[in-house]
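Worksheet: the structure to be examined is printed underneath.
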Ligand code: WTA
C-alpha cells in the first residue's frame with residue numbers, strides 16, 4: 001500500500017456523537033428555516049439554482065450565461081455580467097445605511113478607543129485611497145498589487161480601493177516574513193507593495209516596515225522590481241518604525257492622501273469573471289499557489305454564505321476573529337459581511353492580550369452576537385481561561401468554527417461555556433481554493449453534531465471516493481478522499497499562471513476524460529480524508545497527508561489528539577510520526593496542560609492509557625512529552641513538523657517565523673538531552 005492511497009484504507013476509531021438542536025430563539029429569527037432548500041439546490045437544478053446567489057448582488061449589466069464550461073476545468077460563472085465589488089460593499093448601502101457602523105476597529109491596546117467607522121466614512125476613505133492608487137501609484141484594472149498589511153481598517157480600505165479600480169490585490173498575512181512576501185510579489189508580478197510601519201502584537205509595537213525592505217530585496221533577486229512602497233502609518237503623522245524610509249521609493253499614505261481629499265472615483269464596471277484577488281496558499285510540496293478568485297462568482301458566493309450560514313442580518317454585530325491575511329478573513333470579515341451591510345469587527349491583536357478575558361470583554365462592549373473562530377483559538381482560550389466567558393455579560397446567537405477538525409471535547413466547551421448553551425454552532429469545512437464554505441449544517445435547519453462538519457451546503461454535492469474512484473457508502477465508518485461533484489461560483493478559477501498545476505492537483509486523479517467539457521467529468525479533489533455518515537453528514541479527518549501508519553494501521557492524527565484531550569488536565573495535543581526499527585512508525589504525543597496542573601510521570605502515563613483505551617493499543621504513543629507550550633505559527637497552527645524533527649533527531653530548520661520560537665529549543669532539550 002503506497003502513501004498515495006492511504007485515505008481509502010484509513011481505519012476510523014473516533015466515535016460518532018449525538019445531535020444538539022438549534023435553540024428555538026435562533027430558529028425563530030433565522031434567514032433560512034426551510035428544509036426544502038436542499039431540493040431547490042439538487043443536482044437536477046444545477047447550475048440554474050445559483051441564480052439566487054447572483055441575485056444578492058447589484059449588476060451593472062445582468063449576465064446571460066450562468067456557467068460556461070468550454071474551458072473545463074476552468075469554470076466561468078455569470079458570463080456577460082458586469083459589476084464592481086466595491087460598489088456592492090459600499091455605494092449600494094449608502095441610502096439605507098450610510099450612518100451605520102461598517103467596521104468596529106478594536107486596537108490591541110485596551111486603553112486605545114474602539115473606532116466605529118460608518119459606511120459613509122468607509123466609502124469616503126476607500127474613494128480617496130482609490131484616487132491615490134490610480135493617480136499617484138499609476139495602478140489600473142488588471143494590475144496586481146501586493147498588500148502586507150496587519151489587522152487595522154487600512155487593510156479592508158486598501159482591498160476595497162483596489163476592487164473599485166479592478167486592481168487585483170494579493171494580501172500576504174502580516175505575520176509572514178519579508179522573504180515570503182517577496183516570493184509572492186515576484187510570483188504575482190506586483191510593482192507596488194502596500195504595507196504599514198508597525199502594529200501591536202502582545203502589547204509590543206512590531207517593526208513591520210523592516211519586512212518591506214526584505215520583501216523588495218527578495219523580489220528583486222528573483223527579477224521583480226518594486227517601484228513604489230506605500231506605507232500606512234499606525235498613527236497618522238507619526239512614524240513608528242526604526243527602519244528608515246527609502247527616498248523616492250517609500251511614501252507614507254497619510255502624507256499623500258490630503259491631495260485626494262473628497263475625490264470620488266467611479267467604480268470600474270468589470271466582467272464577472274475578471275479577477276478580484278489572489279490568495280497564496282501552501283501545498284505539501286512546491287511553491288505557494290496563487291489561488292485566483294473571480295469578482296462575480298466569489299462575491300455572490302460569500303454573500304449567500306454570509307446570509308444563510310452565518311445568518312447575518314444588517315442589525316447584527318459580527319466578529320470573525322480570523323486574520324484578513326487568510327481566506328477566512330477575506331470572505332468573512334471583509335467581502336461577505338460588507339456585501340450584506342453588516343457591522344464587522346476588526347481586532348488588531350492576539351485574543352489573550354492582555355488576558356484571556358479580552359475577547360469576552362470586546363463581545364460585551366460591542367454586543368457582538370455572531371462569533372467566528374478556529375479550534376486552535378478555542379483551545380487556546382480554554383487553556384488560558386476556561387471560566388473567563390462566565391464573567392462577562394455577552395450573548396451569542398451564532399458561533400462558527402473553521403480551519404481544522406474540532407475535537408468533540410473542545411466543541412462542548414465552546415457550546416456550553418462560550419455559547420452559554422444558547423447559541424447555534426456551525427462547523428464549516430472549506431479551503432482557500434473554494435472561496436467559501438462547502439460542508440456545514442444550515443444553522444436554522446439541521447441539528448449539530450460535534451466533530452462533524454455536516455452535509456454539503458445547498459448546491460454543493462460532496463462524494464467520498466476510494467482510490468479506484470468507487471463511492472464509499474455512508475455509515476460504514478470507512479474514510480476516503482472527499483470530492484465535490486459539481487462546480488460552484490465561489491471556486492477559484494485556476495492557480496495564477498499555472499493552469500497545469502491546477503488541473504494536476506485538483507482534478508487529474510478522478511477525471512476520466514481530460515478533453516471533456518462536461519462538468520460531470522471533473523470532480524474536485526479537496527485533498528482531505530473524510531468519513532460519510534449515515535445521516536449525510538461528513539466528518540473531516542484532515543489532510544490526506546496527515547496520516548500516521550502504525551504497523552500497517554492508518555490512524556488520523558486528529559483521532560489520537562482528540563483521545564488525549566479527554567484527559568481533564570490536557571489543553572492541547574499534537575501527535576507526530578517517529579521512525580522505529582521494529583514497527584516502522586510509532587506516534588509520539590506532545591501535550592500541554594491547562595493552568596494549575598503540573599507535569600508528572602503519572603499524568604503522562606494517564607494520557608498514554610487514555611489513548612490506548614480509546615483507540616486501541618496500536619495507537620499507544622511511544623512517548624508522551626508534557627511541554628510548556630506548542631511551537632505555533634503566527635496564525636496559531638501547531639507546527640507538528642517541528643515536533644516531528646525533534647522526535648526524529650532531525651534538524652529543525654528555520655523557526656524565526658513562529659509566534660514563539662524560543663519554545664523549540666526548550667522542547668528539544670527536554671526530548672533529546
Ligand atoms: C482544514 C481554511 C476540518 C482542511 C478555510 C482543509 C477543516 C484546510 C475545516 C484548508 C473544518 C478547514 N473541519 N478541517 N471545519 N475547515 N479545514 O486553505 O484540511 O487555510 O483542507 O482554508 O483546513 O485550509 P485553508
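Quick note: the coordinates plus some simple rules give every number you see, no bench work behind them. Worth saying up front: this structure is predicted, and the values here are computed from it rather than measured. Backbone-built Cβ (ideal geometry, glycine too); neighbour counts: all protein chains shown.
Based on the alpha-carbon gyration tensor of region 312-353 and its eigenvalue square roots a ≥ b ≥ c, which shape applies: rounded if a/c is under 1.5, prolate if not and a/b is larger than b/c, or oblate? Here region 312-353 falls in the oblate category.
Mind running the shape call on region 31-145? Use the C-alpha gyration tensor, a ≥ b ≥ c as the square roots of the eigenvalues: rounded below 1.5 for a/c, prolate if a/b tops b/c, oblate otherwise. Because a/c hits 1.5 or more and a/b fails to exceed b/c, region 31-145 counts as oblate. Entry note, the chain: relative contact order of 14 percent, from Cα contacts under 8 Å with a spacing of 6+ residues. The simple Förster model, with R0 at 45 Å and r as the Cβ-Cβ distance, assigns residue 249 and residue 581 a FRET efficiency of 0.20. Compute the Cα gyration tensor for the chain, then decide on rounded, prolate or oblate, letting a ≥ b ≥ c be the square roots of its eigenvalues: rounded whenever a/c is under 1.5, prolate when a/b is larger than b/c in the other cases, and oblate in all that remain. Rounded, since a/c falls under 1.5. Remind me, relative contact order of region 542-673 in percent, using alpha carbon pairs under 8 angstrom and six or more residues apart? With pairs under 8 Å counted, the relative contact order is 21 percent. Counting only DSSP H runs of at least 4 residues, each contributing -39500 (n - 2.57), and dividing by the residue count of the chain, the helix-based mean residue ellipticity at 222 nm comes to -7000 deg cm²/dmol.
By counting other Cβ atoms within 10 Å of each Cβ, how are 439, 49, 181 ranked from fewest to most?
49, 439, 181
Averaging the sequence gap over all C-alpha pairs within less than 8 Å and six or more residues apart, then dividing by the number of residues, gives region 320-375 a relative contact order of 38 percent.
Extension gain, residue 618 to residue 518: 0.36 nm times the residue separation minus the Cα-Cα distance gives 31.5 nm. With Cα atoms defining each centre, region 493-509 and region 241-313 are spaced 22 Å apart in the structure.
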